[in-house]
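The block underneath contains the structure these notes are about, expressed in structure tokens.
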Amino acid sequence: MSAYPRNHNPFADDEDEDEPQDWSRAGAPHGDTGEKPLSEADRRQRQLQQEAMRSAQSALDSSHRSLSLIYESEKMGVDTAK
């Protein structure tokens, strides 16, 4: 059986972020990373890379949920046929 209840919408978990977040200095107190400050272009590149990684992970998670539903539907079909 699937990890989701029957009335669960698997696509409702997909997160749509309206505005990208700047994670280039995450976890550093007052923006101090111990490294030289990033240029605006480097900061933007890092931000875009992180956004692409989040998007790819979201797509992967959605695919896993979809596969789970496909397998559950197949099992129901087999059980119905029996």
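The values are calculated or read from the model by the stated rules, or taken from the named source; none is laboratory data. None of these values were measured; they are calculated from a predicted model. For accessibility, only protein heavy atoms count, side chains too; no ligands or nucleic acids. Shrake-Rupley method; radii C 1.70, N 1.55, O 1.52, S 1.80 Å.
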Across the range 42-60, what is the total count of residues that are among the hydrophobic types (A, V, I, L, M, F, W, C) and open to solvent by 70 Å² or more (accessible area, probe 1.4 Å)?
3
Tally, over the range 64-82, of residues that are of a type in the set (Gly, Ala, Ser) and open to solvent by 60 Å² or more (accessible area, probe 1.4 Å):
2
Inspect the range 13-30 for any residue being assigned to a helix (DSSP H, G or I) and either open to solvent by less than 60 Å² (accessible area, probe 1.4 Å) or modelled with pLDDT of 95 or more (or both) and give the result as yes or no.
no
